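The values are calculated or read from the model by the stated rules, or taken from the named source; none is laboratory data. These figures come from a predicted structure and were not determined experimentally. Methodologically, a virtual Cβ is constructed for each residue, glycine included, from the backbone with ideal geometry; neighbour enumeration extends over all protein chains shown. The protein model used for the area step is the full one, side chains on, heavy atoms only, and it has no ligands, DNA or RNA in it. Shrake-Rupley method; radii C 1.70, N 1.55, O 1.52, S 1.80 Å.
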Amino acid sequence: MLFQNGNLIVRKLEVRDKYLLAKWLSDISVLEFYEGRDNPFKLEKVNKKFYDPKDDVVKCTVEFEGNEIGYIQFYVLDDKTKKDYDYFNETIYGMDQFIGEVKYWNNGIGMLLVKSMVNYLIEHKKADLVVMDPQVRNARALKCYEKCGFNKVRILPKHELHEGEYRDCWLIEYKS
């Protein structure tokens, strides 16, 4: 287990979680905001994207009240990305997440997850900043992130390929 905050547990991804990832990343409600509805994941694709031993991204499963409900990952920003985002010497972590069990949406669990992960990154990984790059059109996620203390920095034009089109994203940051 990476950390626990009340009924929320975040633990490192295990091999058995690949079936959950394939389920979640085949759900069009999830795919609308994460990866794209034209990009469903079968097990082979899950194995390739989430289980590469050379990847420096820390991948985790999210549990709430004993149920696996989602995914979160974090990583140190590389020098190129720092430069692209106009950062310099800070220790900066990026993170991405989704709640794959749609029945858990709109219950405050996303806020609990994001706040808990930010706290973990600042306290245990000594992050100066935590950044994310949600799509501009993802109003529900942006509202959640702003409630968690993230601030919009700037638009990243045509930053993410989603459903056959490059979409604008917000660069958002949380300063410790």
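Of Ile28, Ile9, Ile92, which has the most accessible area and how do the rest follow, probe 1.4 Å? Working shown, then result.
Values: Ile28 110, Ile9 40, Ile92 0 Å².
Per-residue accessible area, sorted high to low, gives Ile28, Ile9, Ile92.
Once you sort the root eigenvalues of the Cα gyration tensor of segment 38-151 as a ≥ b ≥ c, which label holds: rounded (a/c under 1.5), prolate (a/b larger than b/c) or oblate (the other case)? Spell out each step's value before the answer.
Working: a/c = 1.55, a/b = 1.18, b/c = 1.32.
Oblate.
Top to bottom by accessible area (1.4 Å), largest first, where do Ser29, Ser116 land?
Values: Ser29 45, Ser116 10 Å².
Most to least solvent-accessible, the answer reads Ser29, Ser116.
Under a plain spin-label model, where a point goes 7 Å from the Cα along Cα-to-Cβ, how far apart in nm are Lys126 and Lys23?
Placing both labels 7 Å beyond Cα along the Cβ direction yields 4.0 nm.
Using unit Cβ charges (K, R positive; D, E negative) and no other charged atoms, how large, in debye to the nearest 20, is the dipole of segment 48-176 about its Cα centre? Show your work: numbers first, answer last.
Numbers: 20 positive and 22 negative charges, 55 e Å.
The calculated dipole for segment 48-176 is roughly 260 debye.
Which percent of the accessible area of the chain is formed by carbon and sulfur heavy atoms (probe 1.4 angstrom)?
On the way: 4670 of 9680 Å².
Here carbon and sulfur together make up 48 percent of the probe-accessible area.
Assuming a ≥ b ≥ c are the square roots of the Cα gyration tensor eigenvalues, decide whether segment 11-97 counts as rounded (a/c under 1.5), prolate (otherwise, with a/b larger than b/c) or oblate.
On the way: a/c = 1.94, a/b = 1.66, b/c = 1.17.
Cα axes put segment 11-97 in the prolate bin.
For Glu32 and Glu65, what does the FRET efficiency come to when R0 = 30 Å and r is the distance between their Cβ atoms, rounded to the nearest 0.05?
Efficiency computed from Cβ-Cβ geometry: 0.75.
Please give the per residue volume of the convex hull enclosing the alpha carbon atoms of segment 102-176, rounded to a whole number of Å³.
Details: hull volume 7.2 nm³, N = 75.
Convex hull volume per residue, Cα atoms: 96 Å³.
Would you work out the Kirkwood radius for segment 53-101? I mean one over the mean of 1/r across all pairs of different Cα atoms, in Å. Before the final figure, lay out the partial values.
On the way: mean 1/r = 0.0803 Å⁻¹.
Here the Kirkwood hydrodynamic radius works out to 12.5 Å.
Quick one: work out the % antiparallel among DSSP beta bridges in the chain, nearest 5.
Working: 35 of 38 bridges.
Beta bridges within the chain, antiparallel portion: roughly 90 percent.
Using Cα pairs closer than 8 Å and at least 6 residues apart in sequence, work out the relative contact order for segment 22-176, in percent.
On the way: 223 pairs, mean separation 29.5, N = 155.
Reported relative contact order: 19 percent.
Filter Lys83/Lys147; Lys18/Lys143; Lys12/Lys126; Lys18/Lys126; Lys12/Lys115; Lys54/Lys158 down to the pairs with a C-alpha to C-alpha distance above 25 Å, please. Intermediate values should be presented prior to the final figure.
Details: Lys83/Lys147 27 Å; Lys18/Lys143 29 Å; Lys12/Lys126 19 Å; Lys18/Lys126 30 Å; Lys12/Lys115 18 Å; Lys54/Lys158 28 Å.
In this structure, Lys83/Lys147; Lys18/Lys143; Lys18/Lys126; Lys54/Lys158 exceed 25 Å between Cα atoms.
Provide the solvent-accessible area of Glu44, counting protein heavy atoms only and rolling a 1.4 Å probe, rounded to the nearest 10 Å².
The accessible area comes out at roughly 150 Å².
For a quick check: with amide H placed at 1.01 Å from N, whose amide H comes under 5 Å from Met95's, ignoring anything fewer than 5 positions away on the same chain?
The list, which skips near neighbours in sequence, is Val131.
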